[in-house]
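Asks: Take a look at this one; I'll ask things after.
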Amino acid sequence: LFSNVPPQQLADASQILHIMPIMFMLPVFWMLYDQQGSVWTLQAARMELHGLQPEQVTLVNPVEIMIFIPLFDRFIYPV
């Protein structure tokens, strides 16, 4: 059946089968990750935010990333 297929191509196909379980989990991960924003907004609607709007709470994660990446890169884990 696979007599005319090059051995390297068979090895590549075998490697793809090894990563398929990971690839099948990616849609589940992104579904849950994208749901996080709406859950934060719903929770923020019930909290005392001291002047912030509930929709502004979803901005916290990107702002923390913008602050913490340079901080960790330069001071906490310098190369």
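Asks: At 1.4 Å probe size, with the rest of the protein present, what percent of the exposed accessible area of the chain is carbon and sulfur atoms? Could the numbers behind the result be given before it?
Replies: Details: 5080 of 7320 Å².
Using a 1.4 Å probe with all protein chains present, the chain comes out at 69 percent carbon and sulfur.
Asks: How big is the charge dipole of the chain about its Cα centre, in debye rounded to the nearest 20, if each Lys and Arg gets +1 on its Cβ and each Asp and Glu gets -1 on its Cβ? Could the numbers behind the result be given before it?
Replies: Numbers: 2 positive and 6 negative charges, 18 e Å.
Magnitude of the dipole: close to 80 debye.
Asks: Restricting attention to the chain, which GluC sites (Glu not before Pro) occupy a DSSP loop and are surrounded by at most 16 other Cβ atoms within 10 Å?
Replies: Of the GluC sites (Glu not before Pro), the ones in loops of the chain whose Cβ has at most 16 other Cβ atoms within 10 Å are Glu48.
Asks: Leaving ligands, DNA and RNA out of it, work out the accessible area of Leu26 with a 1.4 Å probe and give it in Å² to the nearest 10.
Replies: 70
Asks: Taking the square root of 5 times each eigenvalue of the Cα gyration tensor, what semi-axes in Å does the equivalent ellipsoid of the chain have, largest first?
Replies: After diagonalising the Cα gyration tensor, the semi-axes are 45, 22, 7 Å.
Asks: If I fit a long axis through the Cα atoms of helix 7-44 and take the longest principal axis of the Cα atoms of the chain, what angle between them do I get, 0 to 90°, rounded to 10?
Replies: Taking the Cα atoms of the chain, the angle to 7-44 is about 10 degrees.
Asks: Excluding ligands, DNA and RNA, what is the solvent-accessible area per residue of the chain at a probe of 1.4 Å, expressed in Å²?
Replies: On a per-residue basis, the chain sits at 93 Å².
Asks: Figure the gain on full extension for Met25 and Val5 (residue separation times 0.36 nm, minus the Cα-Cα span) and round it to one decimal in nm.
Replies: Gain on stretching Met25 to Val5: 4.2 nm.
The values are calculated or read from the model by the stated rules, or taken from the named source; none is laboratory data. Given the structure is predicted, the values throughout are model-derived calculations rather than measurements. Heads up, the Cβs are rebuilt from the backbone with ideal geometry, glycines too, and the neighbour counts pull from every protein chain shown. Surface accessibility is based on the protein's heavy atoms, side chains included, excluding ligands, DNA and RNA. Shrake-Rupley method; radii C 1.70, N 1.55, O 1.52, S 1.80 Å.
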